[in-house]
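Okay, structure first, notes after.
The values are calculated or read from the model by the stated rules, or taken from the named source; none is laboratory data. Please read these numbers as outputs of a predicted model, since none were measured by experiment. Please note: Cβ atoms are built from the backbone with ideal geometry, for glycine as well, and neighbour counts cover all protein chains shown. Accessible surface areas use protein heavy atoms only, side chains included; no ligands, DNA or RNA. Shrake-Rupley method; radii C 1.70, N 1.55, O 1.52, S 1.80 Å.
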Amino acid sequence: MGGMVRRTSFILAAFLLLAFTGRAGAFVVGEHQAEPDYVVVIDPGHGGDDTGAIGPGGIEEKEVALSLALKVAEALKSSGLKVILTRADDRFIPLEDRTAFANSNGADLFISIHANAAASRDANGIETFFLNFEATDEDARRVAAFENNAPLVVKRAGEESSDLKDILLDLENTGAHHESSRLAEAVHLSMLKYSTGGENRGVKQAPFAVLVGATMPAILVESGFISNPGEEKRLASDKGQHRIARSIAEGILGFKKSFEKGDSFVGTGKKTSKN
Ligand SMILES: [Zn+2]
């Protein structure tokens, strides 16, 4: 009988230990706990039935976006940031739910990751966007129209609903909007530094539905043209993805660092976290 009791106690203790470690693990998202306040939400574009653009070699944008997002997350976590993904597998999430997710998780930054596509296979390079009611140019409008081809559609200039217009006009008065342009610059410059010769298509503004309503600096990255056979290969390769992901992560870290040097940030009302 005594042996039975001891064994039961042992099993109970082991169970409790497992239960507690399992539970503790569930709360730790970042790997370092020293600075748990800085939250980055990474949004891999598309997913599920929404494949995004498809390259000439059959690579789907949704796969590239997820692989890149996971690698960016890994890089940021190893630098001590807390990272949450809007999706970590192949599923569809409505565009408006993605920023809502960032807002409800108190994100300090939101970055939506995509790959570009054009009718011409020669089109190449990277471009980085932040939200505005007016697109920078016809090309920026086209990109937004493609990416918005999901619920909450913005079709073309002049057709936007007045609700969306109000949201965007409101947005222009917020710190988050101003900081979005700085975040876009930081990430774009870092991507250029690591790029392997693609065209610098610049930082642009356009009415992206996925960025509407974000209360923190929010950008959308077009990490290369999946419609360009050479860039498609690079976007699909592990090496190419690591390079792009590292450049995005370093851009984010550079942006974060610029605030730690004393620049003010009024976007989320949060104070910049200090050591
Ligand atoms: Zn996309």
Quick one: how many lysine pairs in segment 34-260 have C-alpha atoms under 20 angstrom apart, if they're 8 or more apart or on different chains?
21
Separation between Cα centres of segment 188-245 and segment 33-98, rounded to whole Å:
13
Placed amide H near Ser227: partners under 5 Å, 5+ positions off or other chain
Ala118
Could you order Thr51, Thr99 by accessible surface area, starting with the largest, using a probe radius of 1.4 Å?
Thr51, Thr99
Which residue, Ala144, Tyr194, Phe225, has the largest displacement toward the positive end of the dipole of segment 34-260 when charges sit on each Cβ (Lys, Arg +1; Asp, Glu -1)?
Tyr194
How are the C-alpha pair distances of segment 46-115 spread across 5 Å bins, as whole percents from the shortest bin up?
3, 16, 25, 25, 17, 9, 4, 1
For segment 34-260, just say rounded, prolate or oblate: build the C-alpha gyration tensor, square-root its eigenvalues into a ≥ b ≥ c, call rounded for a/c under 1.5, and beyond that prolate if a/b exceeds b/c, oblate if not.
rounded
